[in-house]
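Read-outs: derived from the displayed coordinates by stated rules, not from any lab. None of the values given here were measured: they were computed from a predicted structure. Here the Cβ is made from the backbone with ideal geometry for all residues, glycine too, and neighbour counts use every protein chain on show.
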Amino acid sequence: MLGVHPGILIVLILLISAFISPVLDQFKFKRFSLLAIIISGIIFILSILFMVRVNSLGIEYYNFGGWSPDKGIEFVFGNLEALMLLLISGMFFLVYIYNQYKIRDEINTHLRGWYFTLAFLLQASLNGMILTNDLFNMFVFIEISALTTVAIISINENRDTIFASIKYLFLTTLGSSSILFSIGLIYLITGYLNMDLAGVELIEMSGMYPAATGMAMLFMFFGLAMKSALFPLHIWLPDAYASAPIISTVIMAGIVGKAYIVVFIKVFYKVLSLNFFELTNLSEITIFLAGMAIIIGSLFAIGQTKIKRMLAYSSVAQIGYIFLGLALATESSLTGGILHIINHSVNKSLLFLTVGIIIMYAGVENIEDFSGVGKKYPFTMLLFGLGSLAMVGIPPLNGFMSKWTIIMGTLEADKPVYLVIILLSSLLNGVYYLPIIIQSFFGGSDDLTYNWEFKRLGFKIIFPMLTLAIIILLIGIFPSYPLNYINKIVINLMN
Amino acid sequence: MINGIFHPNLYYFASIILFLIGFYILLTHPNLIKKVIGLNVMDSAIFFFFVAVGFVSEGKSPIVEAGEEVLTVNPVPSGLMLTGIVVSVSVTAFALAIIIKLYEHYGTINVEEIYVVRSEKEC
């Protein structure tokens, strides 16, 4: 069908368009959001093609410049990569459609061209680090995404964003340096940078160099946990999410954090073999930290007064669920973990999109001011309610399916304590989500004249939220298709 | 010559000590410029480590003519570190640029003082 693999085209088109947009800016080009929608639409179509191609042809490899895998850079196109690329490109497509009218005005007019440069570069680097099969190439993509993420936080220059971005920059660079050091150790032990080859070699060599392998594992874990904000390394996350413009927050919460978790899966299941992960205490430590993240993230969220900060702490808890699923390392828990990556991305994006409308249109930022908002913006708050119920894990919605699968995993791994933690945390989620919904619909004054929300907001803003809500319902009501697909990936990873 | 005096693993040991020094500076110093310096020390330690990985004692530079059999150092880690240095420089530049902006907004580059300013604002 296509001579070049769509996966390569995705990264190439994004990199080229990243550098086209500032050039267009010089020629007084104004319609950047249209350009972004078109380009991300093309990328979305390409990732669907990628998905179709993987399902029909199986795993493919692409060697850049024709070098053999032990010398050159290799991209891998498997099922996990296809799924995550579809998620990322779909999310970016919806976010760009949403980026209209008042939401767009949050970013200065003269910065818009540059904003899309950053966003395209970010998307390219996220796709690249998921696709690549080369450790050093992965580091380069991680570093690009770190810098562009800092830049999209600080695009609106004020006290809070500058402080949040310097905090994020230092901590994320600490993470990247640790990852690079770990890559150095892996190269020292095995002599390969290719993930597959290094992984095979490491199984043989790790017995000879237990200290070096352990250190490589520790540094890699530290770096990736820092980047994906596993408790207690989450300290940059609330500041960054709360101060950034809403569009950057959606990109960070829904997309960027998830890509690092996929890298975590790839590295820890392919290179640093899981047996070794279990032999060291790192597995136990990760499970413990994930449990702490679930409880403490929820507790912190209850105490927040600003809605964006509350959602940020809720993210900390949800990342705990994902890591719990990954670290328990049974078939169900890993399936649940990967499904929860998708669910959390969809749910949290929906929540931030609706909150963006409430903040930008209704001007409400504090949780206590939410009473009565549901009467002015019933449709938006209805979707917010749907997203938060999915987050709590009410049965016909998607959050229930992934939590259920992780719970099955805790039983398989014979760790019933974490079952209790998950149930307790669902209760805590209810404690901070439900009052907002109840207050917004039943609180406040009654004498309001409601005018039709679709007209006020415009179809372009409603459409992405509606799509995400439909995805929540679809995954919740028909979970067997995604679960089977992910289960296939998990069986591949486990072997 | 050098190997007569030093154990070959000493390079790795030295780079890890350097890394920890950088890590310590980054985590403990309240001054942001010193934090950037710590970051650079850390990165330099990693570059040193990589180059040491590729080093072969008495190896020549890896420019070999056809049919020639000589012992050369491994060029791959040094090549990778060129990229690493570029990344490190751009991170440093970006961090310094943000620190300038931070100074404009808060009037200080000391993290502890910035926290004080921020808490005063909220009260």
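Overview of values
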read-out: Calculated FRET value between A:Phe478 and A:Leu411, using beta carbons and R₀ = 30 Å, to 0.05; value: 0.80
read-out: Segment A:1-104, dipole about Cα centre (Lys/Arg Cβ +1, Asp/Glu Cβ -1), debye to the nearest 20; value: 640 debye
read-out: A:Gly191 long-range amide H proximity, modeled H, under 5 Å; value: none
read-out: Sparse-neighbourhood loop sites, GluC sites (Glu not before Pro) in segment B:18-123 - DSSP loop, at most 11 other Cβ within 10 angstrom; value: B:Glu58, B:Glu65, B:Glu68, B:Glu69
read-out: Assigned charges on the beta-carbon of Lys, Arg, Asp, Glu; chain B dipole about Cα centre (debye); value: 320 debye
read-out: Shielding of A:168-176 by partner chains, average beta-carbon count, 10 Å; value: 5
read-out: Förster-model FRET efficiency, 35 Å R0, B:Phe55 and A:Thr280, C-beta, rounded to 0.05; value: 0.75
read-out: For segment B:2-122, with +1 on Lys and Arg beta carbons and -1 on Asp and Glu, the positive-most of B:Ala66, B:Ile46, B:Ile21 along the dipole; value: B:Ile21
read-out: Estimated 222 nm signal from helices in chain B, with DSSP H stretches of n ≥ 4 weighted -39500 (n - 2.57), rounded to 500; value: -25000 deg cm²/dmol
read-out: Separation between Cα centres of segment A:8-76 and segment A:468-495, rounded to whole Å; value: 25 Å
read-out: Relative packing of peptides A:242-252, A:198-208, A:8-18 - highest average C-beta neighbours within 10 Å first; value: A:242-252, A:8-18, A:198-208
read-out: Value of Rg to Rh for segment A:281-495 (Rh from inverse mean 1/r over Cα pairs, i.e. Kirkwood); value: 1.01
read-out: Dipole in debye (nearest 20) - the protein assembly as shown, about Cα centre, beta carbon charges: Lys, Arg +1; Asp, Glu -1; value: 1640 debye
read-out: Residue among A:Leu24, A:Leu86, A:Ser40 farthest towards the positive dipole end of segment A:20-105, charges placed on Cβ; value: A:Leu24
read-out: Estimated [θ] at 222 nm from DSSP helical runs (n ≥ 4, -39500 (n - 2.57)) normalised by residues in chain A, nearest 500; value: -25000 deg cm²/dmol
read-out: Dipole of the protein assembly as shown, positive direction: furthest Cα of A:Ile491, A:Gly113, A:Leu169, with charges on the beta-carbon; value: A:Gly113
read-out: Computed lengthening from A:Lys102 to A:Ile302, 0.36 nm per intervening residue step minus Cα-Cα distance; value: 69.1 nm
read-out: Distance from segment A:128-168 to segment A:277-356 (C-alpha centre basis), Å; value: 21 Å
read-out: Where trypsin sites (Lys or Arg not before Pro) fall in DSSP loop in segment B:31-123, at most 10 other Cβ within 10 Å; value: none
read-out: Distance from segment A:207-246 to segment B:87-104 (C-alpha centre basis), Å; value: 22 Å
read-out: On Cα atoms only, tilt of A:416-442 relative to the major axis of chain A in degrees; value: 20 degrees
read-out: Residues whose placed amide H lies under 5 Å from that of B:Asn31, excluding near-sequence neighbours; value: B:Val111
read-out: Label-to-label distance, nm, for residues given as B:Val116 and B:Lys34 (7 Å Cα→Cβ offset); value: 1.6 nm
read-out: Under DSSP loop assignment and at most 16 Cβ neighbours within 10 Å, longest chymotrypsin sites (Phe, Trp or Tyr not before Pro)-free interval of chain A; value: A:68-449
read-out: Spatially proximal aspartates and glutamates relative to A:Lys102 (Cα-Cα < 17 Å; intrachain offsets below 8 disregarded); value: A:Glu365, A:Glu453
read-out: Subset of A:Lys30/A:Lys308; A:Lys348/A:Lys403; A:Lys28/A:Lys460; A:Lys258/A:Lys403; A:Lys258/A:Lys348 violating a 19 Å alpha-carbon distance limit; value: A:Lys30/A:Lys308; A:Lys28/A:Lys460
read-out: Most fluctuating residue given options B:Ile33, B:Ile100, B:Ile85, as computed from a GNM of chain B linking Cα atoms under 10 Å; value: B:Ile100
read-out: Prolate/oblate/rounded call for the protein assembly as shown, Cα gyration tensor, a/c under 1.5 rounded; value: prolate
